[in-house]
Amino acid sequence: MLIYIYLSIIMILSGFIVFVSKRKHLLIMLLSLEFIVLSLYFNMFIYLSMMNYEYFFLMIFLTMSVCEGALGLAMLVSMIRSHGNDYIMTFSSLW
């Protein structure tokens, strides 16, 4: 079980590294956020299976993460339609 905990920590840290290093493209940022959510799901699954708890909370977490992903994709599509690309630096949110 200890190797699964180390694996989940490495997954979360690699997701954060990609999120910080690729901050110019919104699509890559959304993909790295989804990877972080999946690694958190994996971490919670390990914790709940070690403690012999029910997995009902994981279904609620997956539902919320799907809603978050759909909202992020809707924002990406609206920004691509209004600005033409997904570069963060090409538009100003102050106008």
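Numbers below:
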{"item": "Checking residue 75 against (1) within 19 Å of residue 15 (Cβ to Cβ); (2) at pLDDT 85 or above, the condition it does not meet", "result": "(1)"}
{"item": "Residue among 3, 10, 46 that alone is over 9 Å from the mean Cα position of the chain (by Cα) and either closer than 27 Å to residue 87 by Cα or surrounded by 15 or more Cβ atoms within 10 Å (Cβ to Cβ) (or both)", "result": "46"}
{"item": "Every pair of residues 6+ apart whose Cβ atoms lie under 6 Å, when the first sits in the range 60-82 and is within 14 Å of residue 33 (Cα to Cα) while the second is part of a helix (DSSP H, G or I)", "result": "65/37; 69/34; 72/30; 76/26"}
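The values are calculated or read from the model by the stated rules, or taken from the named source; none is laboratory data. No experiment lies behind these values; they were computed from the predicted model shown. So basically every Cβ, Gly included, is an ideal-geometry build from the backbone, and we count neighbours across all protein chains shown.
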